[in-house]
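All remarks here apply to the structure that follows.
The values are calculated or read from the model by the stated rules, or taken from the named source; none is laboratory data. Note that the structure is a prediction, hence the values are computed from the model and not measured. Cβ coordinates were reconstructed from backbone atoms using ideal geometry, including for glycine residues, and neighbour counts include every protein chain displayed.
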Amino acid sequence: MDQRKCECGHTNPVGTLLCESCGKPLNVEVYEQTAFPDMRYEGMARRSQTYTKKWIDRIWNYFSSVKIAIGIIIVILVASAVGTIFPQQQYIPVPVPTEADVARFYTDTYGVLGTVYYGLGFHNLYSSWWFVTLLVLLGTSLVICSLDRVIPLYKALSKPRLNQHKSFLKGQKLFAEGELAPDVDQAELLDSSALALKKKGYRIFRAERAIMAEKGRFSRWGPYVNHIGLILFLIGVLMRNIPGFYMDEFVWVREGQTVAIPDTPYYIKSENYHTEYWSEEEMPAKLELNGGVIPKSFQTDAILYVNKNAEVPGKKPDLIEVQKGPIIVNHPMMEGDLAIYQSGVQEMQLGALNFVLVDVKQGNKELGPIKIDLYNPAAEQEIAAGIKVRVLDYFPDFVMGKDGKPATQTNLPKNPMVALEIVDESTNQNEKLVYLQGSVLTQKSDGRFGLVFKKPDLIDISGLNVRIDKAVPLIYFGAFIFMIGVVMGFFWQHRRVWVQTQEGTVLLAAHTNKNWFGLRREVDGLVEQLKLPVTVEEKTKA
Amino acid sequence: MQLIQLSDWLLDIAFLLYVISSIVFVVAMTGKNWAGRDPKQHEQRYGRIAYWLAVVGFLAQTGYVVARWVGGGHSPTSNMFEFMAFLDYCIILAYLIIYRIYKLNVIGAFVLPLGVIMLAYSYVFPKEVTPLIPSLQSYWLHIHVTTAALGEGILAVGFAAGLMYLIRTVPQHVSARSTKWLEFVLAVVLMLVGFILMESTFARMDHKTIFEMNKEQMNPVGTMEKVRVEYTMPAIVAPADSKIVQAGPMNPWFAAPSWMEGKDAARKLNTMLWSVITGVILYGGLRLIFRKRLGALIQPSVEGIEPDLLDEISYRAISIGYPVFTLGALIFAMIWAQEAWGRFWGWDPKEVWALIVWLFYSAYLHLRLSRGWIGAKSAWMSVIGFVIILITLVVVNLVIAGLHSYAGV
């Protein structure tokens, strides 16, 4: 006889364990709990358990195994932990401009272990090819595991198992059987069982000599819903690799400066930056700060512009203001997909040098103020009638080069050196002065002009992080679906109770996917209420 | 100011009540075999008293949370003291919820002592209310941290039930691998107790040892000075390349290896050594007094409980705690990170460890639901899971520096 054909007459698909119609175990004559098929997938045929021939079957079967999935999870877990032993490259606390500096940091700080750590590439573990591969494998496993199970399960659960074979009922963890007294009306017994279970919130399916009461079926979909959520989440993460979906830029903006945000038509201007500190009156309790302070807010007052001529290469930018307001930590400036975050600051940086030009020969008579903008020094400025100051040479971060010539290390004014020429057009006199490290070098020992120092302009430079992440809504949506799935699956249970009568005996069986304690209580309540002549036995599964 | 004073008192009251409740629970569990008593009645009676003590303690702690929230102007979850105290609050809350479902008193005999240890641990950290730095000024501080703590609290109850399952079922008549591991787990719990004892004792004694390290640091006034490290506990291990400025009660035995050059690395190592030593002494002392394994010592008091029920409670707690943890420690965390730092995920050590906890419990659930890991295997996993949570909360904050590190011990 065809194995797939059950004695009840139903023909099952290849691989079925429990007859789809009557629930009798197929293939083998099993009445013992130990050999009874697991109820998780309702004894349905699963692709992975049925086909093993072709290579595609092998791959499918490999990834459909929960054992493999758990293996991948554990490997990711261990790898993630390894990545926290020493800081990842992005979290190194000191500047490491070159790869050699990175290598040196690990060796100098952590010794031999650090060298090995760097050598194995663990300083960039989470973006390494093998770690990303592991995540992709996990994603594949998620998809295949879910498909392999959800389709047969859907087929099984959409057709309630009513009127099952005795061996099916006997195979359940909760099972009871008892002789009925001859005078008992069996139909009435089933009716009252149905009523009692209905009161407990069960949905009742009724046949002539059997009822099946079911509740919380939807919780069986929980695992699949949460896996769909995870898949959406992972798709969201992968989408960030599509050009235009993800952008991460960092710009430094001085007070008063307008800078272009790379790869966008936008420009940003910092009008003002300020740090606020908690005052002592505001603090809820007295603190021993030893002269220290606690910052209250980091804020850049900014204006965002869009360049109307961004599409036309080479054309002069035409800036139009689109937004104006503060950028504060935890409160980014948003413009469409673009978000601008306050994420760093260099405070009290030299912005401009201020001097007063004096005439030494006339008893230090003040001629007029000079301002040297260290970011954009004016080539020539007129101080007084006929007296001009020219910038001959400017090194923002002065060093004496190896060739004996002055040079600059960076283009930030950390150690400015300025060579000035002062011209008096009325007398056709000119003199050269050099400012360096807080002092002035003069060309002649008895020159006419001198410089008096005034307080330099100090400015704050805001570090702004500019990001676009179009995948975020999908990522949140995936997380939301995941939550719905786990709540469905864990906070509700799928419970089924079968009551059947067969020639003077009553059969009672119950199944749940979790919380046997609660189901047991319900079944005991039913037995007591209806005074069923049975004792419930609960088998422990080996 | 008065509110904060009040909150301190309320927390002390809660602590005291939890201690008394734990003692009464122990009496309920061990006293049932005393002569002249009906075991069931005895357990019921004392279990009830202990339960109500825990409820009153919980109410006092609720008062603490409210008073400190109002008085401090933000939810009490912004530094290590506040967080550990809040986690403790969540553990007790989770116990009360589980109790309402299962009406099983004795879970309290394990959860309440756990609560006492966690609360005592929080007392080790500086208690002052500090104003929030800019990155913490967000309503997500309240939402993310409280939900994460609640999830961890529920998972902790899963651990307590799992540990009870092991003590109940691991056979104690022969020495086996399982008995050794169980003893190890109990010894680790005693090390945590040892740490709290040492820390609170020496904090009061003022036997400071001060070292000066061979490197410089800017002080608040803006000048450079040598880095100083202050030990409250006697020094076993000195910071690498340092000299003693003020001698303590004992001379250090050795110096920390040079790669432990963080300012506090050696001090943390010293604290850890003392915790291990005290834990081992406590464990050894108990073994000497009772002349049996600690597992065997506790086993009789849990004898009457159905192991299946413990297994079920442990699993139930984990299956309720897992979604809450996911929501609080991962999803809300990602939303906040996106808002504060512009990226929802940055592989910061704290983030990674939250992911590790999540992956571990995911593995637990798959093994249980799909591979039939119930009973002992499942209980061992619930214990390991809680150890990973503790690593996330304590080791990551205190040892691995990252965006989440607060001032620590």
Exercise. Quick one: which residue in A:135, A:169 is assigned to a helix (DSSP H, G or I) and in contact with a strand residue (DSSP E or B) (Cβ under 6 Å, 6 or more places away or on another chain)?
Key: A:169
Quiz item: Are any of the residues in region A:204-226 of a type in the set (D, E, K, R), within 30 Å of residue A:157 (Cα to Cα) and within 30 Å of the chain's Cα centre (by Cα)?
Solution: yes
Quiz item: Of everything in region A:463-512 that's among the polar types (S, T, N, Q) and out of contact with any Lys or Arg (no Cβ under 8 Å at 6 or more places or on another chain), which residue is nearest to residue A:326 (Cα to Cα)?
Solution: A:465
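Output the residues belonging to region B:367-381 that are more than 11 Å from chain A (Cβ to nearest Cβ) and without any contact (Cβ under 8 Å) to a residue 40 or more places away in the chain. Full working, then the answer.
Applying the first criterion (more than 11 Å from chain A (Cβ to nearest Cβ)) to region B:367-381 yields B:376-381.
Across region B:367-381, the qualifying residue is only B:377.
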Quiz prompt | Hits in region B:287-307 (condition: free of Cβ contacts under 8 Å to residues at least 24 places away in the same chain and in a helix (DSSP H, G or I)) | solution = B:287, B:288, B:289, B:290, B:297
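Restricting to region A:334-353, and then to whatever is loosely packed, with under 13 Cβ neighbours inside 10 Å and assigned to a strand (DSSP E or B), can you tell me which residue is modelled with the lowest pLDDT?
My answer is A:348.
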Quiz item: Checking residue A:227 against (1) touching a Gly at 6+ places or on another chain (Cβ under 6 Å); (2) crowded, with 20+ Cβ neighbours inside 10 Å, which single condition isn't satisfied?
Solution: (1)
Self-check item: Lone unmet requirement of (1) part of a loop (DSSP other than H, G, I, E, B); (2) hydrophobic (A, V, I, L, M, F, W, C); (3) crowded, with 22+ Cβ neighbours inside 10 Å for residue B:318
Solution: (1)
Quiz prompt | One residue from B:340, B:333, B:329, B:354 being assigned to a helix (DSSP H, G or I), hydrophobic (A, V, I, L, M, F, W, C) and modelled with pLDDT under 90 | solution = B:340
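Can you say whether residue B:121 is assigned to a helix (DSSP H, G or I), in contact (Cβ under 8 Å) with a residue 40 or more places away in the chain, under 26 Å from residue B:24 (Cα atoms) and more than 20 Å from the chain's Cα centre (by Cα), as far as the supplied structure shows? Outline the logic, then answer.
On the way: assigned to a helix (DSSP H, G or I): yes; in contact (Cβ under 8 Å) with a residue 40 or more places away in the chain: yes; under 26 Å from residue B:24 (Cα atoms): yes; more than 20 Å from the chain's Cα centre (by Cα): no.
Judged against the criteria, residue B:121 is not a match.
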Practice problem: Kindly check whether there is at least one residue in region B:91-103 that is in contact with a Lys or Arg (Cβ under 8 Å, 6 or more places away or on another chain), buried (at least 21 other Cβ atoms within 10 Å of the Cβ) and within 29 Å of residue B:331 (Cα to Cα). | Solution: yes
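Condition check: closer than 16 Å to residue B:10 by Cα and under 22 Å from the mean Cα position of the chain (by Cα). Does residue B:99 satisfy that? It would help to see each step written out before you state the result.
Details: closer than 16 Å to residue B:10 by Cα: no; under 22 Å from the mean Cα position of the chain (by Cα): yes.
When the stated conditions are applied, residue B:99 does not pass them.
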Quiz item: Yes or no: residue B:87 surrounded by 17 or more Cβ atoms within 10 Å (Cβ to Cβ) and at pLDDT 90 or above?
Solution: yes
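Would you mind listing the strands (runs of 3 or more DSSP E) fully within region A:354-410 where at least 1 residues are touching a residue at least 24 places away in the same chain (Cβ under 8 Å) and either surrounded by 14 or more Cβ atoms within 10 Å (Cβ to Cβ) or in contact with a helix residue (DSSP H, G or I) (Cβ under 6 Å, 6 or more places away or on another chain) (or both)?
On the way: elements: A:365-373, A:380-384, A:387-395, A:398-400, A:406-408.
The qualifying strands (runs of 3 or more DSSP E) are A:365-373, A:380-384, A:387-395, A:398-400.
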Self-check item: Residues that are in contact (Cβ under 8 Å) with a residue 40 or more places away in the chain and farther than 10 Å from residue A:387 by Cα, drawn from region A:422-437
Solution: A:432, A:435
Self-check item: Qualifying position, being in contact with a helix residue (DSSP H, G or I) (Cβ under 9 Å, 6 or more places away or on another chain) and within 14 Å of chain B (Cβ to nearest Cβ), among A:261, A:328
Solution: A:328
Quiz item: When you look at residue A:273, is it touching a Ser or Thr at 6+ places or on another chain (Cβ under 8 Å), within 14 Å of chain B (Cβ to nearest Cβ) and of a type outside the set (S, T, N, Q), yes or no?
Solution: yes
Quiz item: Can we say residue B:320 is within 10 Å of chain A (Cβ to nearest Cβ), more than 28 Å from residue A:342 (Cβ to Cβ) and not small (Gly, Ala, Ser)?
Solution: yes
Self-check item: Of all residues making up region B:126-149, the number that are surrounded by fewer than 20 Cβ atoms within 10 Å (Cβ to Cβ) and in contact with an Asp or Glu (Cβ under 9 Å, 6 or more places away or on another chain)
Solution: 4
Practice problem: Only residues in region A:470-499 that are more than 10 Å from chain B (Cβ to nearest Cβ) and over 19 Å from residue A:216 (Cα atoms) count as the first member; pair them with residues that are part of a loop (DSSP other than H, G, I, E, B) and aromatic (Phe, Trp, Tyr), Cβ under 7 angstrom, at least 6 apart or cross-chain, and list the lot. | Solution: A:470/A:245
Quiz item: Just one of B:63, B:71, B:115, B:47 is away from chain A (no Cβ under 14 Å), farther than 30 Å from residue B:166 by Cα, assigned to a helix (DSSP H, G or I) and not charged (D, E, K, R); which is it?
Solution: B:63
Quiz item: Only one of these conditions is not met by residue B:367: (1) at pLDDT below 90; (2) hydrophobic (A, V, I, L, M, F, W, C); (3) assigned by the TED database to the domain that holds residue B:160. Which number is it?
Solution: (1)
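So which of A:95, A:152 ends up being at pLDDT below 90 and closer than 30 Å to residue A:498 by Cα? Spell out how you get there, then give the answer.
Numbers: A:95 fails: closer than 30 Å to residue A:498 by Cα.
Of A:95, A:152, the one residue that is at pLDDT below 90 and closer than 30 Å to residue A:498 by Cα is A:152.
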Quiz item: In region A:426-451, how many are surrounded by fewer than 16 Cβ atoms within 10 Å (Cβ to Cβ), assigned to a strand (DSSP E or B) and not polar (S, T, N, Q)?
Solution: 2
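Going by the conditions given, is residue A:341 in contact (Cβ under 8 Å) with a residue 40 or more places away in the chain, within 24 Å of residue A:245 (Cα to Cα) and in contact with a strand residue (DSSP E or B) (Cβ under 9 Å, 6 or more places away or on another chain)?
Numbers: in contact (Cβ under 8 Å) with a residue 40 or more places away in the chain: yes; within 24 Å of residue A:245 (Cα to Cα): yes; in contact with a strand residue (DSSP E or B) (Cβ under 9 Å, 6 or more places away or on another chain): yes.
In short, yes.
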Quiz prompt | Subset tally (residues that are facing chain A (nearest Cβ under 9 Å), buried (at least 21 other Cβ atoms within 10 Å of the Cβ), touching a residue at least 24 places away in the same chain (Cβ under 8 Å) and among the aliphatic types (A, V, I, L, M)) for region B:326-354 | solution = 3
Quiz item: What strands (runs of 3 or more DSSP E) lie completely within region A:175-258 and have 2 or more residues being hydrophobic (A, V, I, L, M, F, W, C) and assigned by TED's automatic domain parsing to the domain that holds residue A:534?
Solution: A:203-206, A:210-215
Quiz item: What residue, of B:88, B:12, is free of Cβ contacts under 8 Å to residues at least 24 places away in the same chain, closer than 30 Å to residue B:126 by Cβ and either in the same structural domain as residue B:154 (by the TED database) or in contact with a Phe, Trp or Tyr (Cβ under 7 Å, 6 or more places away or on another chain) (or both)?
Solution: B:12
